[in-house]
Amino acid sequence: MLEQLLTPLREYLGEARGAMPLAQVKGYLFALICAPAPIEEEVWLQEVLGESAVDCDESVLFALMSLHQQISEQVYESGFKLTDNIRVAQRWQDNLVADADLHLWAKGFVLGVTYYLEPLLSASSCSEQCKEMLAQAVTVLGLFADAEQFNTHAANSGQGEQAFNDSLIDMMADFSLGFAELIELAAVQSGLFDDEPHWEA
């Protein structure tokens, strides 16, 4: 049923001025769903829909909320699988082009995580080990957002770009699966957020 909703949503986002492409929306929502405190709907809808957020059709909003719910269920119940949500190209170059799913997903993730990353990384009560794990996870999940960063990390890894691409996708799968737990751990250690059961959509 969700796929039927996503087709018109994909088309709408492709035509609406200032709206995110669907793959970017998925990365953005993933980051928001893992957040230690809820992000107001008006805020993220404005980011997703751009200038058309004010007069958006109800069917588009319903599709977005359904997508949010589906990603929430994966993150907190069934287990998030990156390759079930977006297309991953075989060749590394194809994952970095402007309209590539993986590139767009990473861009959305990087945007979403900025709402809460800095307070967690600068919290004095958060352990250095937790901060290092969090910084590494964010780097891995967001690396396809920036071709220059990807190339730098590939060169530093001592691997060719294709081998680095393949290992990075495997790492993304692992980090995305446990990212919400890592955020929750960091949030509790930081003392910045209430130690309550995680909010859900």
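Some notes on this structure:
- Residue 7 exposes around 70 Å² of accessible area when a 1.4 Å probe is run over every protein chain in place.
- Within the stretch 174-190, backbone nitrogen closer than 19 Å to the virtual label 7 Å beyond the Cα of residue 128 toward Cβ: 186, 189-190
- Per residue, the chain reaches -20500 deg cm²/dmol at 222 nm when only DSSP H runs of four or more residues are counted, each adding -39500 (n - 2.57).
- Using a Förster distance of 25 Å, the FRET efficiency for residue 54-residue 15 (Cβ separation, nearest 0.05): 0.95
- Think of the chain as a dipole: +1 on every Lys or Arg Cβ, -1 on every Asp or Glu Cβ, centred on the Cα centre; then among 90, 136, 158, 158 lies furthest on the positive end.
- Put simply, when 25-38, 84-97, 124-137 are sorted by average Cβ atoms within 10 angstrom per residue, most first, you get 25-38, 84-97, 124-137.
- Each of 117, 72, 23 was scored by the projection of its Cα onto the charge dipole of the chain, and the greatest displacement toward the positive side belongs to 23; charges sit on the C-beta of Lys, Arg, Asp and Glu.
- Where a label projected 7 Å from the Cα of residue 151 along Cα→Cβ would reach, residues of the stretch 61-103 with amide N under 13 Å: 93, 96-97
- Of the DSSP H helices in the chain, those whose Cα atoms cover at least 24 Å axially and whose Kyte score averages -1.0 or more: 161-190
- Its Cα centre serving as origin, the chain has a Cβ charge dipole (Lys and Arg +1, Asp and Glu -1) of approximately 560 debye.
- The stretch 90-136 pair-distance distribution - Cα-Cα, 5 Å bins, rounded %: 4, 19, 20, 15, 14, 12, 10, 5, 1
- The value of relative contact order for the chain, using C-alpha pairs under 8 Å at least six residues apart, is 28 percent.
- Dipole magnitude of the stretch 1-91, debye to nearest 20 (Cβ charges: Lys/Arg +1, Asp/Glu -1, about Cα centre): 600
The values are calculated or read from the model by the stated rules, or taken from the named source; none is laboratory data. A quick note: this is a predicted structure, and the numbers were derived from the prediction, not measured. Note: ideal-geometry Cβ built from the backbone for every residue, glycine included; neighbour counts use all protein chains shown. The area values use the complete protein model at the heavy-atom level, side chains included, leaving out ligands, DNA and RNA. Shrake-Rupley method; radii C 1.70, N 1.55, O 1.52, S 1.80 Å.
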